[in-house]
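Following: one structure in structure tokens, then a few remarks.
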Amino acid sequence: MVALAQNLAEHGTYANPFGVLATGPTAANPPLYPFILAIAFKLLHSSALVALAATLGNIVANAITAILLPRISILFFGDGRPGTVAAIFWIFACPLLPSWDVELTVLTILIFCLFSSATIAKPRSSLHAMVAGLLVSALFLFNPSTLLIFGPWLFWLAFQHRSTLRQTATYCCIALSVLLIASSAWGFRNQQRLGHFTIRTNLGMTLYASNNDCARPSMKESELSYCYEAHHPNTSVEEASLLSSLGEVAYDRMRTSDAKTWIRTHPSAFSHLTLERIKDFWFPVPWDSLFQSIVIWIATVLSFPGLLIMARRRDRALGFVLPALLIYPLMYYIVVSDVRYRLPVLWLSLLAAAQFVVWAWDRWRAPKQFTTR
């Protein structure tokens with residue numbers, strides 16, 4: 001994303017995302033965060049200052065996310081205390097990743113959830129629905145995978161307001177129409193530049209670099225063994241040259257086919273990699289920060305009884321939290337694991353864990369209050 005931003009700032013084209021070779025126009029990464037970084041490059045004229053600005057932006061985004069979690073908690077549970085506990089978890093667990101969109105993506109998710117829940121039941125809410133559509137468009141252009149989060153959210157929200165079905169359906173249709181326009185504009189751009197209508201072209205190259213004879217479960221392990229670098233066009237001159245000669249879309253399709261062939265012919269190795277990646281998604285390998293990983297591990301462990309408490313209490317939020325936690329990770333179980341893949345749904349795990357912490361605190365205090373009386 002940084003390479004794309006630099007190319008945008010210097011040449012005005014969304015191209016050359018790979019480090020070893022200029023490969024031309026691309027759709028390998030979603031466009032919104034590189035455009036934001038490109039603006040920073042234009043204004044600051046210094047890579048060091050852009051890195052500082054992006055890092056400060058991450059810090060601010062994480063702080064606002066922590067501030068919003070109690071509001072989300074009130075929406076989910078009618079109680080802000082789990083949100084306060086989740087905010088503390090978030091501050092300690094979330095790494096700074098200024099080269100990626102993830103902190104801004106999470107913040108936008110929370111803003112969208114709070115905004116849409118506050119406006120979907122308002123009369124004549126077409127304008128609000130358009131704003132909600134702009135927010136989901138931003139999410140999609142930050143990371144198309146967030147469709148697996150805001151999609152279940154809209155479905156859950158519509159179910160919660162089913163008593164005003166016509167108004168709710170109109171709101172959702174307007175929001176999704178704005179998303180369709182934004183995603184189609186990006187797709188048509190790719191058709192003009194790459195020859196095919198597509199949203200993203202990195203599935204095949206990621207699958208191929210993640211599933212092969214030397215593949216390891218995590219990104220760090222694969223990089224240490226030089227396996228990922230040897231199979232991905234960002235670091236392999238051979239792969240980048242092949243991509244350039246075939247075109248990005250054709251290359252990605254070919255590598256998708258190659259990855260499927262390897263998976264089909266190596267079922268045992270693929271099963272082992274997948275099981276390890278499932279474990280790594282929920283309990284990330286502490287390559288960069290042992291402390292942050294331990295915080296995520298603790299929150300993950302506590303989230304299981306938290307979900308059970310939500311189910312026992314019949315918390316309405318379970319109808320969104322559980323599907324999102326089950327559906328979103330599926331695509332990341334078959335590619336190299338990395339902690340940033342977890343972050344878009346980490347806040348849901350933290351809220352579930354915090355619900356258990358608050359429940360345990362209330363249970364511990366109740367006997368003391370009784371004996372005092």
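The values are calculated or read from the model by the stated rules, or taken from the named source; none is laboratory data. Nothing here was measured: the structure is a model prediction, and the numbers come from that model. Neighbour counts are summed over all protein chains in view; Cβ atoms, including those assigned to glycine, are modelled from backbone coordinates with ideal geometry.
Scanning region 315-329 for residues that are within 15 Å of Phe304 (Cβ to Cβ) and touching a Ser or Thr at 6+ places or on another chain (Cβ under 8 Å) yields a count of 1. Filtered by the rule that a residue be closer than 20 Å to Phe77 by Cα and either among the small types (Gly, Ala, Ser) or surrounded by fewer than 18 Cβ atoms within 10 Å (Cβ to Cβ) (or both), region 327-358 gives Ser349, Ala352, Ala353, Ala354.
Of the residues that make up region 191-200, is at least one farther than 21 Å from Trp100 by Cβ, loosely packed, with under 14 Cβ neighbours inside 10 Å and among the charged types (D, E, K, R)? No, region 191-200 contains no residue that is farther than 21 Å from Trp100 by Cβ, loosely packed, with under 14 Cβ neighbours inside 10 Å and among the charged types (D, E, K, R).
When His11 is tested against (1) closer than 18 Å to Ala185 by Cβ; (2) without any contact (Cβ under 8 Å) to a residue 60 or more places away in the chain, exactly one condition is not met: (1).
Selection over region 302-316 of residues that are within 25 Å of the chain's Cα centre (by Cα) and not in a helix (DSSP H, G or I) gives a count of 2.
Right, Ser289: outside the structural domain of Ser349 (by TED's automatic domain parsing) and over 14 Å from Val335 (Cβ atoms) or not? Considered against the rule, which asks whether it is outside the structural domain of Ser349 (by TED's automatic domain parsing) and over 14 Å from Val335 (Cβ atoms), Ser289 comes out as no.
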